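Each reported figure results from applying straightforward, stated rules to the coordinates on display, with no laboratory input. The model shown is predicted, which means the values in this text are computed figures rather than measured ones. With ideal geometry, Cβ positions are generated from the backbone for all residues, glycine too; neighbour counts draw on all protein chains shown.
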Amino acid sequence: MTESEIFDLLRRVSLDSAWGVLNRLGYPNQFCEGLQVVRPDLTMVGRAVTVRCLPIRPDLAEAMRAQGPPYNARAAEEAKPGDILVVDAGGETGAGFLGDVIAARFLYNGGAGIVIDGALRDLQILRAMPLPIYLKAAHAAASGRRIVPVDYNVPVAVGRVTVLPGDVLIGDAEGVLVIPRALAEQVAREALATDHKENFLRRLLEQGRSIYGVYPPNEATLAEYKAYRREHPLE
């Protein structure tokens, strides 16, 4: 299955069912904690491009400037369709990692979302962009007030979750889930099957059935579901 096909499947699954699959596979700590959802109306699916920041100090900031464009600008300029910018700012909320201008370039190049364990600037404008954003806070100050980006496409931590470059992220109104790339197809397929069954069970309850024997389903309900699935297979 191609990456694009996996992404299409993941857009159809619930975050909770995907977490359930990861939990069964031994990855229970993949949900990013403590982040605000800026665009709960948007679904986010894509691959992680990471940036790591450290607290500002003058000599380090000068050394990073000498290396070339800062990593927030580089991530925007080099973005490919489906990239999700994942920023480890160490939880620092006293300065914004980037604002609307850099975000506009990232979005133009196909950026699929921004996830930051820190702050962004220009939130009023960012809210109007068709770009899923997950952050800890907003702040008017530029990044140089508190942080300096020091690494690009390295392992990072966001919301108490380790994110590796290339990991697959999904996000919705609830938050962000990080899926190891090698497990993405399995998670997508199994989560889709879980949602299919749970949607059936929910409809039974909406029709007046007692929760007992429906959730969790007993043998009779499972037989009903198997018959339903034959007529309404997973697509």
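Treat each spin label as a single point 7 Å out from the Cα along the C-beta direction, and report the ARG12 to ARG127 distance in nm.
Label at ARG12, label at ARG127, 3.4 nm between them.
Read through the labelled values (i) 1.12; (ii) 0.92; (iii) 1.07 and report the label of the one computed as Rg/Rh (Cα atoms, Kirkwood Rh) from the structure.
(iii)
What residue among ASN29, ASN218, ASN199 has the largest mean-square fluctuation in a Gaussian network model of the chain, using Cα springs under 10 Å?
The residue with the greatest mean-square fluctuation here is ASN218.
Considering only DSSP beta bridges where both residues belong to the chain, give the percentage that are antiparallel (nearest 5).
Details: 20 of 36 bridges.
If I count the DSSP bridges inside the chain, around 55 percent turn out antiparallel.
Which angle from 0 to 90°, rounded to the nearest 10, does the C-alpha axis of helix 219-231 make with the longest principal axis of the chain?
Tilt of helix 219-231: around 70 degrees.
Which order do the peptides 53-63, 143-153, 163-173 come out in when sorted by mean C-beta neighbours inside 10 angstrom, highest first? Could the numbers behind the result be given before it?
Working: 53-63: 13.5, 143-153: 18.5, 163-173: 21.3.
So the peptides 53-63, 143-153, 163-173, ranked by packing, come out 163-173, 143-153, 53-63.
Need one number: % antiparallel among DSSP beta bridges in the stretch 47-174, to the nearest 5. All intermediate terms of the calculation are to be shown ahead of the outcome.
Details: 9 of 25 bridges.
The answer is about 35 percent antiparallel.
When the helix-only estimate is applied to the chain (DSSP H runs of n ≥ 4, each -39,500 (n - 2.57), divided by the residue count), what is the mean residue ellipticity at 222 nm, nearest 500 deg cm²/dmol?
On the way: 8 runs with 83 residues, N = 235.
The per-residue figure over the chain is -10500 deg cm²/dmol.
Hey, with R₀ at 35 Å, roughly what FRET efficiency would ARG189 and ILE56 work out to, going by the Cβ-Cβ distance, to 0.05? Numbers along the way, then the final one.
Values: r = 45 Å, r/R0 = 1.28.
My answer for the efficiency is 0.20.
Compute the distance in nm between two label points, each set 7 Å from the Cα along the Cα-to-Cβ direction, one at GLU174 and one at ALA227.
That separation, rounded to one decimal, is 3.1 nm.
Simple spin-label model, 7 Å along Cα-to-Cβ: ARG160 to ARG202 in nm?
That separation, rounded to one decimal, is 2.6 nm.
For ALA142 and GLU219 in the same chain, what is the full-extension length gain: residue separation times 0.36 nm, less their Cα-Cα distance, in nm? It would help to have the intermediate numbers written out before the result.
Values: separation 77, 0.36 × 77 = 27.72 nm, distance 5.94 nm.
Answer, rounded to one decimal: 21.8 nm.
Please report how far the C-alpha centroid of the stretch 113-146 lies from that of the stretch 56-91, rounded to the nearest whole angstrom.
14
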